[in-house]
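**Q** Attaching a single structure in structure tokens format; questions to follow.
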Amino acid sequence: MSRVTRRGFMGGAAAAGGTAVLGLGAPSRAAEELGPVRVAPGDPRYEDLAVRRTNERFTPRPEYFHVAGSTEQVERAVQEAVRAGKRVTVRSGGHCYENFVGDGAQVVIDLCEMSRVYFDDRRGAFAIEAGATLMQVYRTLYLGWGVTVPAGQCGGVAAGGHIAGGGYGQHSRSLGSVVDYLHAVEVVVVDRSGRARTVVATRDPSDPHHDLWWAHTGGGGGNFGVVTRYWMRDPEAKGDDPRTLLPKPPPALLVCHPAWSWGDMTRESFTALLRNHGEWHERNSRPGVPYAGLWSALIVQSRVQGADPGGMILPTMMDASVPDAERLLTGYFAALTRGVAARALIPPVRRLPWYHAVRTQALGADQESGRFKAKSAQVRRRFTDRQIGVAYDHLSVSGPASSSGVMLLASYGGQVNTVASGATAVADRDSVLKALFVGTWTEGEGAERVAWVRRFYQAMYADTGGVPVPGGANGGAYVNYPDVDLADPAWNTSGVPWSTLYYGANYPRLQRVKARWDPRGVFRHALSVRPAR
């Protein structure tokens with residue numbers, strides 16, 4: 001079974017003026033001199049670049065890869081491609097769930113070597129280059145200044161696409177979305193005449209480029225240009241001491257991974273567990289509650305054949321500095337297991353220093369790789385008993401199509417939901433969980449697994465046309481988990497367009513930004529923002 005099945009999915013790029021640099025991750029002369037590197041077929045590096053991605057279902061085969069070491073090199077690479085009339089796409093971490101990088105691309109701009117994290121004294125904010133992985137970001141921010149950002153749990157994901165899509169993670173319930181800290185963004189865009197240029201857009205409403213900043217607070221990657229750098233700063237922070245400009249993480253986390261086996265998990269126990277889990281999140285996802293410091297991901301693995309039937313696991317982290325943290329954690333587990341006859345294996349709770357917990361509990365790129373098809377939903381209220389029954393029917397039966405399927409329910413809400421839905425491009429500010437439905441495989445096209453997860457998702461949302469139409473219990477879908485089926489009337493029979501599922505009422509504004517900053521449609525993919533007709 002693919003490694004991605006059991007471990008992953010938590011969860012898809014030159015500063016203006018001078019840059020004063022302090023601390024870890026500072027730019028080096030060698031880094032600035034990297035490239036430009038153009039790698040075409042026949043070069044042994046081409047195959048290495050072709051397989052540098054997480055979803056092994058897709059392999060880009062462009063005319064050449066362009067590995068960039070600076071924003072100036074990205075600008076030149078874009079200009080060359082546009083002048084030659086070639087289709088250009090961009091890749092930072094290679095975690096896209098669909099074939100947005102390789103589909104029809106003649107030039108792939110690869111940002112893996114633009115990976116610096118440093119404090120920019122001129123802007124008074126932390127700079128993060130698009131190719132920096134989240135683990136690099138956590139390490140440098142924490143060891144250098146004792147601060148962090150509420151980004152995702154998968155350490156191998158790069159900042160480029162994660163931030164632009166409105167990333168979330170284990171501290172979002174207490175700190176908010178990562179885009180709530182976006183101070184500025186640097187983007188290589190192409191104007192109507194075909195000229196590539198670099199623009200820095202900021203949070204400041206008086207900035208003439210402010211709309212481009214807003215579009216990168218949840219508008220998704222690959223839509224408006226090539227993101228090369230982000231600057232992060234708490235909008236409420238005062239002064240110029242870097243140690244006070246982003247939130248400090250908890251000094252320690254309580255970590256525990258309860259588990260259940262399919263061996264004694266009846267339909268009644270499964271229903272009780274998922275009902276308890278959803279209702280607990282409905283009750284405990286308000287901003288500022290003691291449980292805002294708790295994050296978990298209920299991972300329901302499909303039943304497999306053999307001696308070990310598989311089952312459910314609940315990786316859980318709790319801010320150890322919260323008063324009575326251990327009692328709260330015990331209460332959480334008790335609430336979930338109430339009325340569940342299936343035996344829960346609850347190991348001893350471990351208290352780990354914050355960075356050690358993040359480093360050891362996060363998922364690396366090698367743990368996320370595999371072939372998979374994934375579908376997402378924003379959950380505002382718990383699944384109905386009908387939906388829980390659908391999940392049981394699809395996950396509890398062992399068979400070749402379902403043998404490596406997963407349903408994941410990740411804690412959300414809290415501080416995320418204190419921000420108005422139009423303040424950023426992240427439209428859904430009401431959900432308490434994020435849901436992910438995944439079919440995985442290791443070899444071949446995986447047609448059976450793709451069909452399985454499609455049918456599963458369609459049945460889960462049968463009451464709303466096979467998709468989680470925003471309103472009521474649903475908050476739409478999550479753009480960082482893109483799914484081209486949402487634009488296919490064979491799978492989306494709701495009459496609600498894919499753009500509403502991802503962006504809600506924010507889509508018309510994104511269309512205006514698209515028309516202004518990418519009038520030639522240079523940056524596009526199967527689910528890219530379309531300018532208004």
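**Q** Could you list all residues from the stretch 278-297 that are part of a helix (DSSP H, G or I), hydrophobic (A, V, I, L, M, F, W, C) and either closer than 28 Å to Phe456 by Cα or out of contact with any helix residue (DSSP H, G or I) (no Cβ under 9 Å at 6 or more places or on another chain) (or both)? Show your work before the answer.
**A** Taking the stretch 278-297 as the starting set, the residues that turn out to be part of a helix (DSSP H, G or I) are 278-283, 290-293.
Those left that are additionally hydrophobic (A, V, I, L, M, F, W, C): 280, 292.
The answer is Trp280, and nothing else.
**Q** Suppose we filter Asp110, Asp103 for residues that are modelled with pLDDT under 95 and either surrounded by fewer than 23 Cβ atoms within 10 Å (Cβ to Cβ) or not polar (S, T, N, Q) (or both); which single one remains?
**A** On the way: Asp110 fails: modelled with pLDDT under 95.
The conditions single out Asp103.
**Q** One residue is enough: does the stretch 202-211 have a residue meeting the conditions crowded, with 24+ Cβ neighbours inside 10 Å and either in contact with a helix residue (DSSP H, G or I) (Cβ under 8 Å, 6 or more places away or on another chain) or assigned by TED's automatic domain parsing to the domain that holds Gly85 (or both)? Spell out how you get there, then give the answer.
**A** If we filter the stretch 202-211 for residues that are crowded, with 24+ Cβ neighbours inside 10 Å, which is where we start, we get none.
Checked the stretch 202-211: no residue is crowded, with 24+ Cβ neighbours inside 10 Å and either in contact with a helix residue (DSSP H, G or I) (Cβ under 8 Å, 6 or more places away or on another chain) or assigned by TED's automatic domain parsing to the domain that holds Gly85 (or both).
**Q** I've got another one for you. For the stretch 482-516: of the residues being assigned to a helix (DSSP H, G or I) and over 21 Å from Ser421 (Cβ atoms), which is nearest to the chain's Cα centre (by Cα)?
**A** Taking the stretch 482-516 first, the residues assigned to a helix (DSSP H, G or I) are 484-487, 498-516.
Still in the running and over 21 Å from Ser421 (Cβ atoms): 484-485, 487, 515-516.
Details: Val484: 16, Asp485: 19, Ala487: 20, Ala515: 26, Arg516: 26 Å.
So the residue we want is Val484.
**Q** If we only count helices (runs of 4 or more DSSP H) wholly inside the stretch 298-404, which ones have 3 or more residues that are out of contact with any strand residue (DSSP E or B) (no Cβ under 8 Å at 6 or more places or on another chain), modelled with pLDDT of 95 or more and not assigned by TED's automatic domain parsing to the domain that holds Asn99?
**A** Details: elements: 325-337, 354-361, 365-368, 385-395.
Helices (runs of 4 or more DSSP H) meeting the threshold: 325-337, 385-395.
**Q** Additional query: Output yes when any residue across the stretch 431-441 is surrounded by fewer than 23 Cβ atoms within 10 Å (Cβ to Cβ), in contact with a Phe, Trp or Tyr (Cβ under 6 Å, 6 or more places away or on another chain) and of a type in the set (Gly, Ala, Ser), and no when none is.
**A** no
**Q** Something else now. Of everything in the stretch 277-320, what is over 18 Å from Val349 (Cβ atoms) and of a type in the set (Asp, Glu)? Give them in sequence order.
**A** Glu279, Glu282, Asp308, listed by residue number.
**Q** Another one. Helices (runs of 4 or more DSSP H) wholly in the stretch 1-66 with at least 1 residues that are modelled with pLDDT of 90 or more - which ones? If you could, list the steps in order and put the result at the bottom.
**A** Details: elements: 3-7, 29-33, 44-50.
The qualifying helices (runs of 4 or more DSSP H) are 44-50.
**Q** In addition: Based on what the data block shows, is Ser193 surrounded by fewer than 24 Cβ atoms within 10 Å (Cβ to Cβ), farther than 21 Å from Asn506 by Cβ and touching a Gly at 6+ places or on another chain (Cβ under 6 Å)? Please lay out each step first, then the result.
**A** On the way: surrounded by fewer than 24 Cβ atoms within 10 Å (Cβ to Cβ): yes; farther than 21 Å from Asn506 by Cβ: yes; touching a Gly at 6+ places or on another chain (Cβ under 6 Å): no.
In short, no.
**Q** Among the residues of the stretch 451-465, which ones are buried (at least 23 other Cβ atoms within 10 Å of the Cβ) and on the phi > 0 side of the Ramachandran plot?
**A** Selection gives nothing.
**Q** Within the stretch 430-478, can you find the residues that are of a type outside the set (Val, Ile, Thr), assigned to a strand (DSSP E or B), touching a helix residue (DSSP H, G or I) at 6+ places or on another chain (Cβ under 8 Å) and within 21 Å of Ile388 (Cβ to Cβ)?
**A** So in the stretch 430-478, the residues of a type outside the set (Val, Ile, Thr) come out as 430-431, 433-437, 439, 441, 443-449, 451-452, 454-463, 465-466, 468, 470-478.
Applying the additional criterion that residues be assigned to a strand (DSSP E or B) yields 433-437, 439, 441, 471, 474.
Filter once more, keeping what is touching a helix residue (DSSP H, G or I) at 6+ places or on another chain (Cβ under 8 Å): 433, 437, 439, 441, 474.
Result: Leu433, Phe437, Gly439, Asn474.
**Q** Condition first: touching a Gly at 6+ places or on another chain (Cβ under 9 Å) and either among the hydrophobic types (A, V, I, L, M, F, W, C) or surrounded by fewer than 17 Cβ atoms within 10 Å (Cβ to Cβ) (or both). Now tell me which residues in the stretch 495-508 satisfy that. Lay out the reasoning, then the answer.
**A** Let us first name the residues in the stretch 495-508 that are touching a Gly at 6+ places or on another chain (Cβ under 9 Å), namely 495-496, 500-506.
Answer for the stretch 495-508, where residues must be touching a Gly at 6+ places or on another chain (Cβ under 9 Å) and either among the hydrophobic types (A, V, I, L, M, F, W, C) or surrounded by fewer than 17 Cβ atoms within 10 Å (Cβ to Cβ) (or both): Gly495, Val496, Leu501, Ala505.
**Q** Would you please name the residue that is nearest to Ala184 (Cα to Cα), looking only at residues in the stretch 221-237 that are modelled with pLDDT of 95 or more and part of a loop (DSSP other than H, G, I, E, B)?
**A** We begin by selecting, within the stretch 221-237, every residue modelled with pLDDT of 95 or more; these are 223-237.
If we keep only those that are part of a loop (DSSP other than H, G, I, E, B) as well, we get 223-225, 233-237.
Numbers: Asn223: 17, Phe224: 15, Gly225: 15, Arg233: 9, Asp234: 11, Pro235: 11, Glu236: 15, Ala237: 15 Å.
Restricting to residues being modelled with pLDDT of 95 or more and part of a loop (DSSP other than H, G, I, E, B), the top hit is Arg233.
**Q** Report, ordered by the first and then the second residue, all pairs with beta carbons closer than 6 Å, sequence separation of six or more or different chains, a first member in the stretch 223-237 that is polar (S, T, N, Q), and a second member that is modelled with pLDDT under 95.
**A** Thr228/Ala13
**Q** Can you find even one residue in the stretch 295-314 that is exposed (fewer than 14 other Cβ atoms within 10 Å of the Cβ), among the basic types (Lys, Arg) and over 24 Å from Val416 (Cα atoms)? Don't jump to the end; show me each part of the working.
**A** Filtering the stretch 295-314 down to residues exposed (fewer than 14 other Cβ atoms within 10 Å of the Cβ) leaves 305-308.
Filter once more, so that each one left must be among the basic types (Lys, Arg): none.
Looking through the stretch 295-314, none of the residues is exposed (fewer than 14 other Cβ atoms within 10 Å of the Cβ), among the basic types (Lys, Arg) and over 24 Å from Val416 (Cα atoms).
**Q** Separate question: List the number of the failed condition for Thr228; all other conditions in (1) within 22 Å of the chain's Cα centre (by Cα); (2) among the β-branched types (Val, Ile, Thr); (3) surrounded by fewer than 22 Cβ atoms within 10 Å (Cβ to Cβ) hold.
**A** The one condition Thr228 does not meet is (3).
**Q** Yes or no: the stretch 171-179 includes at least one residue that is closer than 30 Å to Gln79 by Cα, in contact with a Gly (Cβ under 9 Å, 6 or more places away or on another chain) and at pLDDT 95 or above. Reasoning before the result, please.
**A** At the first step, the residues of the stretch 171-179 found to be closer than 30 Å to Gln79 by Cα are 179.
If we keep only those that are in contact with a Gly (Cβ under 9 Å, 6 or more places away or on another chain) too, we end up with 179.
The next check asks that each one be at pLDDT 95 or above; those that pass are 179.
Yes; the residues of the stretch 171-179 include at least one that is closer than 30 Å to Gln79 by Cα, in contact with a Gly (Cβ under 9 Å, 6 or more places away or on another chain) and at pLDDT 95 or above.
**Q** Here is a follow-up. Which of (1) crowded, with 24+ Cβ neighbours inside 10 Å; (2) not in a helix (DSSP H, G or I) does Pro247 not meet, given it meets every other one?
**A** Result: Pro247 passes all but (1).
The values are calculated or read from the model by the stated rules, or taken from the named source; none is laboratory data. Treat the numbers as computed from the prediction; the structure is a model and nothing was measured. Methodologically, a virtual Cβ is constructed for each residue, glycine included, from the backbone with ideal geometry; neighbour enumeration extends over all protein chains shown.
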